[in-house]
Amino acid sequence: MEVPFSKENFFLPEIKYEYLDHTADVQLHSWGTTLKEAFEQCGMAMFGYMTELEYVTIHQCFEVEMKGDDLESLLFHFLDELLFLFSTEPFLICKKLEITKFDIENFEIVCRCYGEPFELGKHPQGTEVKAITYSAMQIVQQPEKSNFELFVIIDI
């Protein structure tokens, strides 16, 4: 669902993700000081794999909701819903994700997705993401670092 938004006081968060090689696929590795931030970063890692995000301008905002049965399924459904947003009209490529509801007791997320429709010629074409997988999915909390890490393999 498209929602109105204001560009006032709008900032882009620091990049906290990387790509790790995995046999025929790629593994997204994201981190954050909160689990919510690690989820947002993981979503941005996926979009960053599909195109170079510096070419993306924020023109639209869509709000999506997803539910899971546990943290792993919540992460899976979160990324899957973002991939669906990219794969259907208006083929939204996001430059920023903002989770506005992160309920880990009921495993629910509401996320605002800021970006614009993907356009060949404007946005360099990266690698197509075909699907999200549960294979080797990890959600790791490191209390000594006050840090959360996510590892997700995507099918390319």
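The values are calculated or read from the model by the stated rules, or taken from the named source; none is laboratory data. Predicted model only: the values in this text are computed from it and were never measured. Using ideal geometry, Cβ is built from the backbone for each residue, glycine included, and neighbour counts are taken over all protein chains shown. The area values use the complete protein model at the heavy-atom level, side chains included, leaving out ligands, DNA and RNA. Shrake-Rupley method; radii C 1.70, N 1.55, O 1.52, S 1.80 Å.
Couple of notes before you dig in:
- Dipole axis of the range 52-129 (+1 Lys, Arg; -1 Asp, Glu on Cβ), positive-most option in LEU75, VAL110, TYR55: TYR55
- Most fluctuating residue given options ALA24, ALA136, ALA38, as computed from a GNM of the chain linking Cα atoms under 10 Å: ALA24
- If the segment from GLU2 to GLN138 were pulled out straight at 0.36 nm per residue, it would be longer than the present Cα-Cα gap by 45.8 nm.
- Top of CYS94, CYS42, CYS111 by mean-square fluctuation, Gaussian network on the chain, Cα under 10 Å: CYS111
- Taken along its principal axes, the alpha carbon cloud of the range 1-146 reaches lengths of 41, 36, 27 Å, longest axis first.
- Restriction of the trypsin sites (Lys or Arg not before Pro) in the range 1-58 to DSSP coil positions whose beta-carbon has at most 16 other beta-carbons within 10 angstrom yields LYS7.
- In range of the label at GLU63: residues from the range 94-127 whose backbone nitrogen is under 14 Å from the point 7 Å along Cα→Cβ: 98-102, 109-114
- Heavy-atom accessible surface of the chain: percent carbon and sulfur, 1.4 Å: 49 percent
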